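Chemist: Submitted below is the structure of interest, expressed as structure tokens.
Every read-out reported here was derived from the displayed coordinates using simple, explicitly stated rules and does not represent laboratory data. All of these numbers come straight from a predicted model, not from anything done at the bench. All Cβ positions, glycine included, derive from the backbone under ideal geometry; neighbour counts span all protein chains shown.
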Amino acid sequence: MSQETQTALKIEHLNKVFEVDGKKVQALEDINLSIEKGEFISIVGASGCGKSTLLRIIGGLETKTDGTVEHNGKEITGCSEDRGMAFQESRLFPWLTVEKNILFGLPYSEKRKLSKAEQKDRVSHYLELVGLADFARAYPNQLSGGMQQRVSIARALIENPEILLLDEPFGALDALTRIHMQEEIQRIWQHEKKTMILVTHDIEEAIYLGDRIVVLSARPGRIVQVRKVDLPRPRYRSSGAFVEIKRSIMKEFFKSQDLTEDYVI
């Protein structure tokens, strides 16, 4: 297979400038990145560095100022069923059951092609995938935060996107639930073989999940490091190799602050 057919996403010289109170604020500066099909990419950086803005541009929810962003060789100009997205908040409809929330993610054009039984089978598949088969008729307020996020991920996956964008989907969860959800999203990624792009503040999460880690500088966000995570899965957070990658990324964050190595381990 050629390199061209393997490339899912190509970003070249991307810039994003916002206008705030009549002043121009540069959020992203000269972003260049290629992502291969089936790859898991983690994007990390300080608050306000443009991580979520970059993800929203890829998703078609935000416009760029200049540069190019291509999916399968075609310029991204808006939202598409080919790119699903899960946010930090689950954004479920409280008046709909779990199965109906997931079904809502199925595009209308696809629903027209499927019988009610086929739609139910499709929902059942994703309920099984996220481990919520026993909660099909529950309502969001009857679920824990982690379970709600599973529903959100299932809703994003049911439209069968080629790329799944994850905007800090575990940021509001407690530490133990967050670790469990990291394991779940890794299992789903391995099962579905989707291209996934995760924005996170959590460096350990980025290392645990990512094939590569993209480190953005403080605003304006520029790519200062792309680190390949050459570790077998499952990954062990206490292993020497894992800790060394974490140290390297932390140094990139803090090198301008003249911190000693003891502070960045």
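Chemist: Of the listed pairs K100/K120; K10/K111; K228/K251; K16/K37, which have alpha-carbon separations greater than 19 Å here?
Modeler: K10/K111; K16/K37
Chemist: Explain nothing, just compute: Karplus ³J(HN,Hα) = 6.51 cos²θ - 1.76 cosθ + 1.60, θ = phi - 60°, for every residue of the stretch 139-147 in order, whole Hz, x for Gly and Pro.
Modeler: Values, residue by residue: 9, x, 6, 9, 10, 6, x, x, 5 Hz.
Chemist: When the dipole is taken about the Cα centre of the chain, and only Lys, Arg (+1) and Asp, Glu (-1) are charged at their Cβ, what size is it in debye, to the nearest 20?
Modeler: On the way: 37 positive and 39 negative charges, 90 e Å.
The dipole of the chain has a size of about 440 debye.
Chemist: Name the long-range amide H neighbours of T65: under 5 Å, sequence gap of 5 or more, or other chain; modelled H, no Pro or chain starts.
Modeler: N15, K16, V17
Chemist: Using mean Cβ contacts within 10 Å as the protection proxy, how do 50-59, 225-234, 212-221 order, highest first?
Modeler: 50-59, 212-221, 225-234
Chemist: I'd like the Karplus ³J(HN,Hα) series for the stretch 24-35: coefficients 6.51, -1.76, 1.60, θ = phi - 60°, whole numbers in Hz, and an x wherever there's a Gly or Pro.
Modeler: 7, 10, 7, 8, 10, 10, 6, 7, 10, 7, 10, 10
Chemist: Which ³J(HN,Hα) values in Hz, rounded to whole numbers, follow from the phi angles of the stretch 105-117 under the Karplus curve 6.51 cos²θ - 1.76 cosθ + 1.60, where θ = phi - 60° and Gly and Pro get x?
Modeler: x, 6, x, 4, 4, 6, 4, 4, 7, 10, 6, 4, 5
Chemist: For K113, which aspartates and glutamates qualify as cross-link partners when the Cα separation must be under 14 Å and same-chain residues fewer than eight apart are set aside?
Modeler: Those aspartates and glutamates meeting the cut-off are D121, E159.
Chemist: Placing unit charges on C-beta atoms (Lys and Arg positive, Asp and Glu negative, everything else neutral), compute the dipole magnitude of the stretch 1-147 about its Cα centre in debye, rounded to 20.
Modeler: Charge dipole, the stretch 1-147, about its Cα centre: 560 debye, nearest 20.
Chemist: What length, rounded to one decimal in nm, is gained on full extension from E81 through to E62, with 0.36 nm per residue of separation minus their alpha-carbon distance?
Modeler: In short, 5.3 nm is gained.
Chemist: Can you tell which of Y108, M147, S124 lies farthest toward the positive end of the dipole of the stretch 93-160, using +1 and -1 charges on the Cβ of basic and acidic side chains (Lys, Arg; Asp, Glu)?
Modeler: Y108
Chemist: Quick one: if the Förster radius is 35 Å, what FRET efficiency do R237 and S115 give, using the C-beta to C-beta distance and rounding to 0.05?
Modeler: 0.15
Chemist: Follow-up. Under a Cβ-only charge scheme (Lys and Arg +1, Asp and Glu -1), can you give me the dipole magnitude of the stretch 93-160 about the Cα centre, in debye to the nearest 20?
Modeler: The dipole magnitude comes to about 220 debye.
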